[in-house]
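Before any comments, here is the structure.
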Amino acid sequence: MKLNDADDVFTSVGRRRFVAGLGASAISMAARPLAAADSPAFGGIPYSSNASGRKWYKGNTHMHTIRSDGDTFPIEAAALFKRAGYHFTCFSDHNVSSSEPQKPIPVDSYKGKKISQEMRTNFGRDFPGLELCRTVQDDKGRECYISASIEEIAMLLDEPGRFLTIGGNEVSAAPTAGKELHCNFINYSKPCRANNKRTVEECLDWIRDEYSRNISDARTSIMTLNHPLWVSYDVQPHIVAERPDIRFFEVCNSGSMPRFNLPGMEFTHDKWWDVVNTMRAIKGQPLIYGLASDDIHGYNPMRKKTKRKAGYVQVLANELTIPGIIEAFQRGDFYASTGLNLASVHFDRATRTLSVEVDPSFGDDCRIEFIGSKKGVDTSVQEIVKWEIEGKPNKWLESRHFSMHRTVERYSDKIGSVFKTVKGRTASYTMLPDDLYVRAKVACPHNAYTNNREPDFPIAWTQPISAKDML
Ligand SMILES: [Zn+2]
Ligand SMILES: [Zn+2]
């Protein structure tokens, strides 16, 4: 998501709602050719390979800096994650790859004025030996700030086994109807600026094709679909179900939630995930894995060392290197979290059993759910909800000549059923012959989940295990 839109209140004018019971035939289900999904870079069953010698590494895959709409330089952004105990973090500014040369920021410009001497002094005090930015003259003779390059930052901050910085780009497109479509290219160095097409499908295909065309090796990079329900239910699950080469999405993005919680459009990221995976599992296609990310833009809470309740991933990797982390993502050996850590997660292929153990520091007051869909589940669209909103409902959208049209398909409650619930710190589930897939979701303590911006309590989501992979 983008900065400065967090507190706007929805006060729309001229809105209408249409509800009609339509079948799946109303939705385009055209299959897309497989690309990276068939790549040998992906494969195996999450949590099933030999984990000896592997370690869990905590990471953030999504953050912004002054190179787009974040409020500090890349070196401080990364240094704050290192100080907070993360093992890795990825730069993901909008439409700029972190290895592109940074343009100098004139001191008198809008962004330059936001950089105070106090910020520079405080950074030097908190991180001795590092400087927030340097001062240079640009070709017009103006005094400017300039950031350290990503290579310089890696040399200053990366430490073997302790911390790793990864370059990237949040390619951010704006299809029609006030929609947004953002994808992270992780460990990606070529320039890529979104080409705004008309529809979400066109934008997604353009972004996906651009990514595939420019990566040199599918084994060293991943692409994630970010916050699919932001701005408001913008990326419908069937669109992603039809593109099985999209292997990662954000099941939790701490910087976004659906801005407009429109009546009749209650659709959680968990439900979105289960719809995509159910449709794919029926076709024997690869499932989509879920990440939680921070998507931080404003760094004051981290500067003050306050505990930040934000999404992250724990990755079970052979080593803390870019190939080590990327390979673990591609194996599905990671889980998404908003604060809850697992001591172990394991899938036993012989018995088809998924076992989860919560870190003992969280106590026994945990709820572990095993969630999935059964063969033969009804995947037809139960209801289509349409909204048309015109007007200028809030400050952020005024600048965007706001006009919003949304179509949300609703699906059977049997998609993403809870197969089993266990109260306690450990649990396991043995897959039944009619299970399409299963995943675990752990909450501690077991309260109601309110939203994905600032969860009131920690959650961890394991990746789904597909029955097809055991054939
Ligand atoms: Zn972002
Ligand atoms: Zn975004």
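The values are calculated or read from the model by the stated rules, or taken from the named source; none is laboratory data. None of the values given here were measured: they were computed from a predicted structure. As a convention, Cβ positions derive from the backbone with ideal geometry for all residues, glycine included, and neighbour counts pool all protein chains shown.
Scanning the range 433-448 turns up at least one residue that is modelled with pLDDT of 95 or more, in a strand (DSSP E or B) and either under 16 Å from residue 258 (Cα atoms) or of a type in the set (Phe, Trp, Tyr) (or both). Give the residues of the range 149-169 that are surrounded by 21 or more Cβ atoms within 10 Å (Cβ to Cβ) and touching a Pro at 6+ places or on another chain (Cβ under 9 Å), sorted by residue number. 150, 153, 165, 169 - these are the residues of the range 149-169 that are surrounded by 21 or more Cβ atoms within 10 Å (Cβ to Cβ) and touching a Pro at 6+ places or on another chain (Cβ under 9 Å). Among the residues of the range 184-222, those that are more than 16 Å from ligand 1 (Cβ to nearest atom), of a type in the set (Ser, Thr, Tyr) and assigned to a loop (DSSP other than H, G, I, E, B) comprise 189, 199, 216, 221. Residues in the range 111-123 that are closer than 12 Å to residue 144 by Cα and in a helix (DSSP H, G or I): 111, 112, 113. Note on the range 235-257: residues that are within 16 Å of ligand 1 (Cβ to nearest atom), part of a loop (DSSP other than H, G, I, E, B) and either crowded, with 23+ Cβ neighbours inside 10 Å or of a type in the set (Val, Ile, Thr) (or both) total 4.
Any chance the range 277-299 includes a residue that's of a type in the set (Ser, Thr, Tyr), in contact with a Leu (Cβ under 9 Å, 6 or more places away or on another chain) and not in a loop (DSSP other than H, G, I, E, B)? Give the derivation first.
Narrowing the range 277-299 to residues of a type in the set (Ser, Thr, Tyr): 278, 289, 293, 299.
Now narrow it down to the ones that are in contact with a Leu (Cβ under 9 Å, 6 or more places away or on another chain): 278, 299.
Narrowing the set further to residues that are not in a loop (DSSP other than H, G, I, E, B) leaves 278.
Scanning the range 277-299, I find at least one residue that is of a type in the set (Ser, Thr, Tyr), in contact with a Leu (Cβ under 9 Å, 6 or more places away or on another chain) and not in a loop (DSSP other than H, G, I, E, B), so the answer is yes.
Would you confirm whether or not the range 88-102 contains a residue that is more than 16 Å from ligand 1 (Cβ to nearest atom) and within 26 Å of residue 339 (Cα to Cα)? Break it down stepwise before answering.
If we filter the range 88-102 for residues that are more than 16 Å from ligand 1 (Cβ to nearest atom), which is where we start, we get 88, 99-102.
This time we only want the ones that are within 26 Å of residue 339 (Cα to Cα), so: 88.
Scanning the range 88-102, I find at least one residue that is more than 16 Å from ligand 1 (Cβ to nearest atom) and within 26 Å of residue 339 (Cα to Cα), so the answer is yes.
In the set (1) surrounded by fewer than 17 Cβ atoms within 10 Å (Cβ to Cβ); (2) touching a strand residue (DSSP E or B) at 6+ places or on another chain (Cβ under 6 Å); (3) closer than 25 Å to residue 169 by Cα, the condition left unmet by residue 82 is number (1). For first residues located in the range 265-288 and touching a residue at least 24 places away in the same chain (Cβ under 8 Å) and not assigned by TED's automatic domain parsing to the domain that holds residue 437, partners that are of a type in the set (Phe, Trp, Tyr) and not in a loop (DSSP other than H, G, I, E, B) and lie 6+ apart or on another chain with Cβ distances below 6 Å do not occur.
Residues that are modelled with pLDDT of 85 or more and out of contact with any strand residue (DSSP E or B) (no Cβ under 6 Å at 6 or more places or on another chain): does the range 389-399 have at least one? Spell out the reasoning first.
Here is the first cut: in the range 389-399, the residues modelled with pLDDT of 85 or more are none.
No, because not a single residue in the range 389-399 is modelled with pLDDT of 85 or more and out of contact with any strand residue (DSSP E or B) (no Cβ under 6 Å at 6 or more places or on another chain).
Identify all residues within the range 124-144 that are in a strand (DSSP E or B) and among the acidic types (Asp, Glu); write none if there are none. Write out each step before concluding.
Here is the first cut: in the range 124-144, the ones in a strand (DSSP E or B) are 134-137, 143-144.
The one that is in a strand (DSSP E or B) and among the acidic types (Asp, Glu): 143.
For residue 306, the requirement of being touching a residue at least 12 places away in the same chain (Cβ under 8 Å), surrounded by fewer than 20 Cβ atoms within 10 Å (Cβ to Cβ), more than 23 Å from residue 411 (Cβ to Cβ) and more than 16 Å from ligand 2 (Cβ to nearest atom) is not met. Residues of the range 305-349 that are over 25 Å from residue 246 (Cα atoms), at pLDDT below 95 and hydrophobic (A, V, I, L, M, F, W, C): 340 alone. Could you list all residues from the range 196-216 that are without any contact (Cβ under 8 Å) to a residue 24 or more places away in the chain and either under 18 Å from the mean Cα position of the chain (by Cα) or over 16 Å from residue 179 (Cα atoms) (or both)? 209, 213, 216, listed by residue number.
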